[in-house]
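> If you scroll down you'll find the structure; I have some questions about it.
The values are calculated or read from the model by the stated rules, or taken from the named source; none is laboratory data. Since we're looking at a predicted model, the values are computed, not measured. Cβ placement follows ideal geometry from the backbone for every residue including glycine, while neighbour counts extend to all protein chains displayed. Only protein heavy atoms, including side chains, enter the accessible area calculation; ligands, DNA and RNA are left aside. Shrake-Rupley method; radii C 1.70, N 1.55, O 1.52, S 1.80 Å.
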Amino acid sequence: MAGNSQAPFLLLILLAQLVGFELCDAGAGIAIYWGQNGNEGTLAETCATGKYSYVNIAFLNKFGSGQTPEINLAGHCNPASGGCAIVSSGITSCQSRGIKVLLSIGGGVGNYSLASAADAKDVAGYLWNNFLGGKKSTSRPLGDAVLDGVDFDIELGSTQYWDVLARRLKAYSKPRRSVYVAGAPQCPFPDKFLGDALNTGLFDYVWVQFYNNPSCQYSSGSTDNLIKSWNRWTTSVKAGKIFMGLPAAPEAAGSGYIPAAVLKSKILPVIKKSSKYGGVMLWSKFYDDKSGYSSSIIGSV
């Protein structure tokens, strides 16, 4: 039958645009944490390397329980004087390259917690108006740029109400602009802080920290515990994509570093079989600069 063979394809593209799908999301990639060392280059420079598909700006490490939230970007800028607004141009530069930029909340050092469901909703409102698409704040810490979402790197404080925060943030999604929700749980399953939140099924990306946890990481040349834990996570958590979180250099973590050659030959061929596989997360840009780890693995991820 004669006709326009391109019509179905063009219709598919139109439908994808209408419902807010992003066709470039399908491929695996590398996620990186940026912000905790002033010697790791700017955010714009980080994205210009072409190595990363996701950047987590680390960290908003004071919030909740009625506190005035504070962001800490180490030596990059001084938020107290409004100096971190310079990051805005970096955010838009990254996004222009198709890279998703998220704000990471929490971290291993800080003063954060959620006291109640109402507190979680208040924090969600703060994040929406100060970092995402809300317009009710005149003092956005990172300037006018609109981040793509929020990453939960929760390692202390309350173990409750993170599910409420995730639901509230996800509810801010619009048909043409999603609010992405990500999490960085420790590999022992279930994670004591994010277990309930991950059970909501709302997380787009989960970069599990397979390091500093001997029971579920690579050690002494053995991949057994690591692969067993990966399989547990990918079969138990309802998330969009799951990433293998690793230190980018031996000194980036207390334990769990995997030589790039081992990752490429013994681990990636196994974990890429999962339909949930999204790529590799690295801590952090500073250590990746020193080791060149992402350059060594990018062709295999």
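> Given the criteria open to solvent by 10 Å² or more (accessible area, probe 1.4 Å) and at pLDDT below 95, does G221 qualify? Outline the logic, then answer.
Details: open to solvent by 10 Å² or more (accessible area, probe 1.4 Å): yes; at pLDDT below 95: yes.
Answer is yes for this residue.
> Quick check on the range 159-181: of everything there that is modelled with pLDDT under 95 and part of a loop (DSSP other than H, G, I, E, B), which residue is least open to solvent (accessible area, probe 1.4 Å)?
P175
> Still on this structure, please answer the following. Residues of the range 88-108 being open to solvent by less than 10 Å² (accessible area, probe 1.4 Å) and more than 11 Å from D148 (Cβ to Cβ), which ones?
Result: G90, S104, I105, G106, G107.
> Taking the condition touching a strand residue (DSSP E or B) at 6+ places or on another chain (Cβ under 8 Å), over 29 Å from K290 (Cβ atoms), exposed (fewer than 14 other Cβ atoms within 10 Å of the Cβ) and at pLDDT below 95, does G20 pass?
Working: touching a strand residue (DSSP E or B) at 6+ places or on another chain (Cβ under 8 Å): yes; over 29 Å from K290 (Cβ atoms): yes; exposed (fewer than 14 other Cβ atoms within 10 Å of the Cβ): yes; at pLDDT below 95: yes.
Criteria met by G20.
> Scan the range 139-151 and tell me whether some residue there is part of a helix (DSSP H, G or I), open to solvent by 10 Å² or more (accessible area, probe 1.4 Å) and farther than 23 Å from G29 by Cα. Give the steps one after another, and end with the answer.
Just the residues of the range 139-151 that are part of a helix (DSSP H, G or I), to begin with: none.
No, the range 139-151 contains no residue that is part of a helix (DSSP H, G or I), open to solvent by 10 Å² or more (accessible area, probe 1.4 Å) and farther than 23 Å from G29 by Cα.
> Name every residue in the range 223-250 that is more than 26 Å from S295 (Cβ to Cβ) and over 18 Å from the mean Cα position of the chain (by Cα), in order of residue number.
Restricting attention to the range 223-250, the residues satisfying the condition of being more than 26 Å from S295 (Cβ to Cβ) are 224-225, 228-229, 231-240.
Scanning the range 223-250 gives D224, N225, K228, S229, N231, R232, T235, S236.
> What pairs come out if I take residues in the range 36-64 that are closer than 19 Å to V301 by Cα and pair them with residues that are open to solvent by 60 Å² or more (accessible area, probe 1.4 Å) and modelled with pLDDT of 95 or more whose C-beta lies under 7 Å away, six or more apart or interchain?
Short answer, once both residue conditions are applied: C47/R97; K51/S295; K51/I298.
> Looking at (1) part of a loop (DSSP other than H, G, I, E, B); (2) surrounded by fewer than 22 Cβ atoms within 10 Å (Cβ to Cβ); (3) within 19 Å of the chain's Cα centre (by Cα), which is the one condition that is false for Y211?
It is condition (2) that Y211 fails.
> So, one more: Restricting the search to the range 195-208, which residues are of a type outside the set (A, V, I, L, M) and either in a loop (DSSP other than H, G, I, E, B) or farther than 19 Å from G279 by Cα (or both)?
First pass over the range 195-208, keeping only residues of a type outside the set (A, V, I, L, M): 195-196, 199-201, 203-205, 207.
Scanning the range 195-208 gives G195, D196, N199, T200, G201, F203, D204.
> For the range 68-86, enumerate the residues that are in contact (Cβ under 8 Å) with a residue 12 or more places away in the chain and open to solvent by less than 50 Å² (accessible area, probe 1.4 Å). Quick ask: steps written out before the conclusion?
Initial filter on the range 68-86 (in contact (Cβ under 8 Å) with a residue 12 or more places away in the chain): 69, 71-76, 79, 82, 84-86.
Result: P69, I71, L73, A74, H76, G82, C84, A85.
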